[in-house]
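Report on one structure; see the data block that follows.
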Amino acid sequence: MSASFALVCWLSLTEAKAEDGFYVTLTGIAGFSEVNDTENEGSLGGDTSNSSESDLVGGVGAALGYQWAVPGGQLRTEVDFHYRFRFDFDENRPVIDNALPNAGLNSDLATATWLANLNYVVDLGYDISPYLGGGLGATYYDADNDFNDIGGLGRSSDDTTGTNFTWAVNAGFLWDITENFHFILGYRYIDMGEIDFGTYADGGVNVEGDYVSHDLLLTAGYRF
C-alpha cells in the first residue's frame, strides 16, 4: 500500500460530519421474505399443509428526512416509502390437510409500505459509523390468488387487498463519502401483518398468514 493511498484513506475516515439538515435517500431492497403461521379460517375443517412459505423478494424505496446533531452522534428522522415486488406464495397440494386432496393455492403478493423511522448514528470519529433504529407505519397489500381443483369445481380466482399495521427494526453502517453524499449498508427486519389470501369453495377455505422479511438495504443519500 503506497503512502499516498494510505493518506487518502485516513483523510476519508477522519473528515468531519455534516450537521443538521434535510436529506433524501434512494434504496434497493433484497429480502428473504416469509409468510408464517398460515392457517385456514374457513368453515371447512383442517389445517394448512404448510405452516410457512419463503421467497426472495426485491424492492425499491425512497425517503425524506432530517438529521439532527445530538450528543454522541446524529439522530435521523424520516418518512420512508418502499414497494416490494412479487412474493410467490405456493401452498403444496393439498392446501388443507385431510381435505380437498387435489386443491392447491398459488398467489402473487405485492406490497407498498410507509414507515416513520427513527435512527441513531453513533459518531466514532470516522466517516463510517454504525446506526440502529426502527420504524412504525402501514402496509397496503395486493394478493392475486388462484385456487385450483376445489372439490372438483375447477379453478377459482380472487384478488384480495388490505392495509396492515407495520413495524420494523434495523441496523447497519453509514458512510459519509463527502459532506453531502453518503451510502448506507443496512439490515432490516420488518413485520407487515396478516395477509388474507381469499375465501373459496363457499367459504370452506380461507388461508391467512403473517408476512415478514429480512432485508438487505443498499442506500444512496444526499444531504442538503
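Derivation of every value follows stated rules applied to the coordinates shown; laboratory data play no part. What you see is a predicted model, and the numbers here were worked out from it, not measured in a lab. Cβ atoms come from the backbone with ideal geometry, glycine included; neighbour counts cover every protein chain shown.
Here are some notes:
- A simple count of charges around PHE32, restricted to other residues whose Cβ falls under 13 Å of its Cβ and scoring Lys, Arg +1 and Asp, Glu -1, yields -2.
- Theoretical gain in end-to-end length, PHE224 to ASN106 [0.36 nm per residue, Cα-Cα removed]: 37.9 nm
- Cut-off 13 Å between beta-carbons: net charge of the residues surrounding ASP191, Lys and Arg +1, Asp and Glu -1: -4
- Amide H partners (placed H, <5 Å) of ASP123, local residues excluded: GLY73, GLN74
- Label-to-label distance for ALA30 and TYR140 is 2.9 nm, based on points extended 7 Å past Cα in the beta-carbon direction.
- Amide hydrogen neighbours beyond the local backbone of ILE177, cut-off 5 Å, H modeled: HIS182, PHE183
- Taking amide hydrogens as placed 1.01 Å from N in the peptide plane, the amide H of THR166 sits under 5 Å from those of GLY137, ALA138, THR139, each at least 5 positions away in sequence or on another chain.
- Efficiency of FRET between ALA171 and ARG86 - r from beta-carbon atoms, R0 25 angstrom, step 0.05: 0.35
- Electrostatic tally near ASN170: other residues with Cβ closer than 12 Å to its Cβ, Lys and Arg +1, Asp and Glu -1, net -1.
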